[in-house]
There are 2 protein chains.
Amino acid sequence: MAKPTPLSGFPELLPEQRFVEQQVVDTLREVFELHGFAGIETRAVEPMDQLLRKGDTSKEVYVLRRLQETDAGTDAGLGLHFDLTVPFARFVLENAGKLEFPFRRYQVQKAWRGERPQDGRYREFTQADIDIVGKDELPFHHDVEVTRVMVDALSRLEFLPPFRLQVNNRKLIQGFYTGIGAPDPAEVMRLVDKLDKLPADTVRGMLVEEAGLSAEQADRCLELATIRSADDSFVDRVRALGVEDPLLEEGLAELAALVRGCAGLTGEKVSIEADLSIARGLDYYTGTVFETRLQGSESLGSICSGGRYDALASDGRTTYPGVGISLGVSRVLVPLLNRGALVADRKVPSVVLVALTSEETRGESDAIATALRTNGVPCEVAATAQKFGKQIRYAERRGIPYVWFTGDAPGEHQVKDIRTGEQVAADPATWTPPTDDLRPKVVSSTDQEQQ
Amino acid sequence: MAKPTPLSGFPELLPEQRFVEQQVVDTLREVFELHGFAGIETRAVEPMDQLLRKGDTSKEVYVLRRLQETDAGTDAGLGLHFDLTVPFARFVLENAGKLEFPFRRYQVQKAWRGERPQDGRYREFTQADIDIVGKDELPFHHDVEVTRVMVDALSRLEFLPPFRLQVNNRKLIQGFYTGIGAPDPAEVMRLVDKLDKLPADTVRGMLVEEAGLSAEQADRCLELATIRSADDSFVDRVRALGVEDPLLEEGLAELAALVRGCAGLTGEKVSIEADLSIARGLDYYTGTVFETRLQGSESLGSICSGGRYDALASDGRTTYPGVGISLGVSRVLVPLLNRGALVADRKVPSVVLVALTSEETRGESDAIATALRTNGVPCEVAATAQKFGKQIRYAERRGIPYVWFTGDAPGEHQVKDIRTGEQVAADPATWTPPTDDLRPKVVSSTDQEQQ
């Protein structure tokens, strides 16, 4: 077999990169569980009719076929899920009788889209979603809760650049458009959503031509979209535009409550702002909407998005409203890993290499390794009984910080920190490394520059 | 949307079942890392020509196609991987220049096969693989190592039934077949492998008719296959059959070393035995072979299999020998979960429900929850300010053991263990539950019967 080449759009990580991703996923999971969110996984496949309900994404779906399938077998009409929301909505309907509502779940899984690959956009990628789903109703305070959870989680991803969470509320903007007399508020929302890609003047022209607004109405919509604030001062600025509408008032109250509810949690690492230009175009959100930018990676677009669905799922009799956020784990990490901005300081989990004096005494080295593992110290025994200098270089190449030398008697064991050269006597039954050395550490390029 | 129904062969778990699976995966990962194995993930797809190299599995492959694909685009010829060995071999070749050998990796991922679903056999399933791969050579002691790692891992899955690991060595049986003068030892191996499905008499007939053995040769092959021992006493029993062959000697020495090397690790939870009937039929093993039975689930067949490949991968210039074992996580767990033999004692990670006095004081309850989380205590705040009796039942339905009642002053907080009714004063800044309560526990049906 010739040397294989990577498949475009299907990123894979080396062990020292995968460790970074694993640490992100572990941190997310820990925070989600601290907030009472239960982990689930859904199958990778859904019936095509489910996947195509949002008509716009049809081109992205991977369809499955069994190689030996000759008829329209049971698998005909299955495709790989392109997000975790469609499968979750189906899971809730399918298992509603066995779930307790409000149901808080997190889900970290791969999804697939047949899009043209580009930086941050992959054909296979990992998403981390949190959602809270109610039965028939879901009070607004859960919108605040889900935001607080994601802010808490992102705050703990210490080695990543700062995040800026942008929130808005569809009721606010839809009420505003209704209040100024827009004939089709949904169309206005769709066009205003283009402001991050098109110049304001172009959008203004579209608002007049495609949404039937007067020039003055279009200007007010654009003026609303310029409003940003890190606190609830946006309320006064919207009021100053002099538009009145009950839905607008409801949206203002919700968005203000959300920004206030997160005030104590934000800081340098994660900031939050009301940004009245955020609309989330075609998605079926009905209230709160989120987008998130990663500092230094703004070209990736939103890396963590979501919002409130008044009908995440419905079986005709019961409706399940939900609110959730989805973090694009691959979208955030893979570009940083690919350009070497993040890497672990080891290629292996081992913190100790147990040196080998001769192949005949491998059993003794194994026994030391077993003793270390009993105390939770990851370690490995040297592969061959080379000269100790070579065994030390074996450890160095892998980033293993300690080498253990077996003594002839228990008191004669020595452990060497190969970074400093310091070598001390140690007992395998009790020795543990400093906590800081126990697991591989993530090194960001900023750290490396400081060294 | 009507209520969806499950897809046969694509099992999904409720939160209280997923917790069990997650705990198994966490334990496996912890043990693998203690032994210095690095975690990787490979993409879900491989080129079809790679997947079809083992011709026999072709019927099981799921082929992908982009829905809007009109030509033979870049994705034509991709399929979902049906195991983790094929992708790992490709990963090693693709990244050989960036890996350190011997390369120890673990990989816990889903795989897909379009087989007819049955108990323990699914179309989507999770595998946990460990492998050690060398460059050009891989000393035999790594066969012992990989077995020890899996024995260590299985030993820590406390809530699962006992495991019986059966080991053999292809050199041993191939050398034996050569030694008795079999014209086609590989064909003998393929037929002997049928002993777990067919009666010995039937296999004897096939050995004569299909492998060209004399009746006496066939009898000796079957006699070899009856030999089992938990220690290295099988060596004498094989020698007593009076067959001489250099490959047989090599196999005997390796298998004896493997059984002796694991002796200290086995016990009631995991037993190991040399079982000379194990051949692993069509797979490309060249030395050590493993199978594993789960007590009480013998009908599932082997739930953890593997062995030594002298050429796991090769690019023509360099050959990468490997030895590994693959645990069928879904095959072991899903039948036990489906019949209720295993379940977690909570539907949520929360150990505390913080009660809510009124919607107006939600901020105070949130502050208590934040304080508890700072100390690593998973918790959630009540969804609505119902009567406390209803809030306690809310906790009971989810299996949350503690309910926290907010006091008017810091000293007045109370926490109630709703299992015992005991209620004590507590400080949210310092209170933690007993360690045993911190995470949901796995309850096996044996435990339940004892209650």
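The values are calculated or read from the model by the stated rules, or taken from the named source; none is laboratory data. Source: prediction; values computed, not measured. Ideal geometry is used to build each Cβ from the backbone, glycine not excepted, and the neighbour counts take in all protein chains shown. The protein model used for the area step is the full one, side chains on, heavy atoms only, and it has no ligands, DNA or RNA in it. Shrake-Rupley method; radii C 1.70, N 1.55, O 1.52, S 1.80 Å.
Using θ = phi - 60° in the Karplus curve 6.51 cos²θ - 1.76 cosθ + 1.60, the 3J(HN,Hα) couplings for segment A:384-401 round to 9, 8, 6, 4, 4, x, 6, 5, 5, 5, 4, 5, 4, 4, 8, x, 6, x Hz; x is entered for Gly and Pro. What the Kirkwood sum gives for segment B:100-213 is a hydrodynamic radius of 17.9 Å, with every pair of different alpha carbons counted. For the protein assembly as shown, the dipole from Cβ point charges (+1 on Lys and Arg, -1 on Asp and Glu) about the Cα centre works out to 700 debye, to the nearest 20. Label-to-label distance for residue B:69 and residue A:67 is 1.5 nm, based on points extended 7 Å past Cα in the beta-carbon direction. In the protein assembly as shown, taking the dipole from charged Cβ atoms about the Cα centre, the farthest positive-side position among A:424, A:10, B:103 is held by A:10.
To the nearest ten degrees, helix B:170-179 and the longest principal axis of the Cα atoms of chain B are 20 degrees apart. Using R0 = 35 Å, the C-beta based FRET efficiency linking residue B:260 and residue B:202 works out to 0.50. For B:326, A:8, the ranking by accessible surface with the largest value first comes to A:8, B:326, using a 1.4 Å probe. Residues of segment A:325-348 that bury at least 30 Å² of accessible area when the other protein chains are present, relative to the chain alone (probe 1.4 Å, heavy atoms, ligands and nucleic acids excluded): A:347. The listed peptides B:432-441, B:11-20, A:130-139, ordered by packing as a protection proxy, come out as B:11-20, A:130-139, B:432-441 (highest mean of other Cβ atoms within 10 Å first). A simple spin-label model places the labels of residue B:228 and residue B:445 2.4 nm from each other, with each point 7 Å out along Cα-to-Cβ. Overall, segment A:15-343 carries a charge dipole of about 760 debye about its Cα centre when +1 sits on the Cβ of Lys and Arg and -1 on the Cβ of Asp and Glu, all other atoms neutral. Inter-chain Cβ neighbour count for B:397-404, averaged per residue, equals 1 (cutoff 10 Å, partner chain atoms only). Based on alpha carbons, the Rg and Dmax found for segment A:213-280 are 13.1, 42 Å. Normalised by the number of residues in chain A, the average gap of Cα pairs under 8 Å and 6 or more apart makes the relative contact order 16 percent. For the set A:3/B:171; B:347/B:416; B:387/B:416, the pairs lying more than 23 angstrom apart at their alpha carbons are A:3/B:171. Per residue, segment A:15-343 exposes 36 Å² of accessible surface when a 1.4 Å probe is rolled over the protein heavy atoms with every protein chain present.
For the chain pair B and A, buried accessible area totals roughly 7900 Å², probe 1.4 Å, rounded to the nearest 100. Both radii were evaluated on the Cα set of chain A; the Rg over Rh quotient, with Rh as the Kirkwood radius, amounts to 1.07. Ignoring lysines fewer than eight residues from residue A:269 along the same chain, the ones with Cα atoms less than 20 angstrom from its Cα are A:441. Each copy carries residue A:407; placing its label point 7 Å along the C-beta direction from Cα gives inter-copy distances of 5.4 nm, listed from smallest up.
Dividing the alpha-carbon radius of gyration of segment A:235-350 by the rule-of-thumb value 2.2 N^0.38 Å gives 1.39. Shielding by partners for peptide B:368-377, expressed as the average number of C-beta atoms from other protein chains within 10 Å of each residue's C-beta, is 2. Suppose the Debye formula is applied to equal point scatterers at every Cα of segment A:347-450; what is log10 I(q)/I(0) at q = 0.16, 0.19, 0.24, 0.25 Å⁻¹? Here the Debye-derived log intensity ratios amount to -0.65, -0.91, -1.43, -1.55. Please give the FRET efficiency for residue A:295 paired with residue B:253, using the beta carbon to beta carbon distance and R0 = 45 Å, rounded to the nearest 0.05. Efficiency computed from Cβ-Cβ geometry: 0.15.
Along the axis of the charge dipole computed for segment A:15-343 (Cβ charges of +1 for Lys and Arg, -1 for Asp and Glu, origin at the Cα centre), the listed residues A:114, A:262, A:182 are led at the positive end by A:114. Each Lys and Arg contributes +1 and each Asp and Glu -1, all at the Cβ; summed about the Cα centre of segment A:171-257, the dipole is approximately 200 debye.
Here is the size of the protein assembly as shown from its Cα atoms: Rg then Dmax, 30.2, 102 Å.
At a probe radius of 1.4 angstrom, the accessible area of segment B:347-439 per residue rounds to 46 square angstrom. Summarising the label geometry, the points placed 7 Å from Cα in the beta-carbon direction at residue A:318 and residue B:136 lie 6.6 nm from one another. Expressed as a whole percent, the accessible surface of segment B:347-439 that belongs to carbon and sulfur atoms is 53, based on a 1.4 Å probe. Label-to-label distances for residue A:429 across copies, nearest first, come out at 4.2 nm, using points 7 Å from Cα in the beta-carbon direction.
Label-point spacing at residue A:136 relative to the other copies reads 7.4 nm, in ascending order, each point sitting 7 Å out from Cα along Cα→Cβ. Seen against the Cα atoms of chain A and their longest principal axis, helix A:200-210 is set at about 50 degrees. If you line up the long axis of helix A:85-95 against the longest principal axis of chain A, both from Cα atoms, how many degrees apart are they, to the nearest 10? So the inclination is approximately 90 degrees.
For segment B:347-439, give me the percentage of DSSP beta bridges that are antiparallel, rounded to the nearest 5 percent. That works out to approximately 55 percent antiparallel.
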